[in-house]
1. Using a Gaussian network model of the chain with C-alpha springs under 10 Å, which one of 116, 78, 17 is most mobile by mean-square fluctuation?
2. Run the simple label-point estimate for residue 16 and residue 110 please: 7 Å along Cα→C-beta, distance reported in nm.
3. Could you grab the relative contact order for the chain? Cα pairs under 8 Å, six or more apart, rounded to a whole percent.
4. Return one number: the angle in degrees, 0 to 90 and rounded to the nearest 10, between the long axis of the Cα atoms of helix 178-195 and the longest principal axis of the Cα atoms of the chain.
5. Say each of residue 223 and residue 178 gets a label point 7 Å from the Cα, pointing the same way as Cα to Cβ; how far apart are those two points in nm?
6. Pairing the Cα long axis of helix 104-113 with the longest principal axis of the chain, what angle in degrees results, from 0 to 90 and rounded to the nearest 10?
7. With axes computed from alpha carbons, what is the tilt in degrees of helix 119-132 against the longest principal axis of the chain, rounded to the nearest 10 within 0 to 90?
């Protein structure tokens, strides 16, 4: 495992003036944000606001129409995923993408081996991150037999085993009940300190987001409509009108205090 650090404020993943057009649709419209090592940044907004598209562009699955993506001092704009990942950028997907015929441990080992680790070391690393996300007891179970909540934690483990400096999570709490979301909150809140990474999280569970994140960045129709601390975003008129007042997401519970 990468030794824990307090985060290097000079190390950042930066998006500058990002635009992504599809035929007849501008999905991301002049968005700029910065994710620093050691912090948790929430990316929120209504369905269809461009959150997943932004992650897909940042990680190389889609090419931007305009703008820049910079990892530290390296401009990675337009690079494919296999060139961006070695710079320390890892992600999970909105739709879980496991190998159902492999065991949970083997699913995580595959990710570790892809970083160049020998099999024995990859297995050790895989077991360590499975324990970290509290599913080591499922290591020998076929991934295809897992309940949905545990599938999502395997996805997180696969990303963590790659020792990311920047971890992007796309709706990790989707489909979880309140007890499962609370357990996930505790797991996620420890990741930046344990791994020395910055974490960007897309999520609709406002009870989790408001307690987990240091800062929030809010999109609507592809454009930034608000940035700030959870407390500031709670009171932001444009965000209330576009999102927090819509009743489409789980809200309200929790004081907004950071659990870390």
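1. 116
2. It is 3.7 nm.
3. Working: 550 pairs, mean separation 66.7, N = 260.
Rounded, it is 26 percent for the chain.
4. Relative to the chain, helix 178-195 is tipped by roughly 80 degrees.
5. 3.8 nm
6. That works out to roughly 80 degrees.
7. The helix 119-132 is inclined about 50 degrees to the chain.
Every read-out reported here was derived from the displayed coordinates using simple, explicitly stated rules and does not represent laboratory data. Just so you know, these numbers come straight off a predicted model, no measurement behind them. Positions of Cβ are generated from backbone atoms using ideal geometry, with glycine treated the same way; all protein chains shown enter the neighbour counts.
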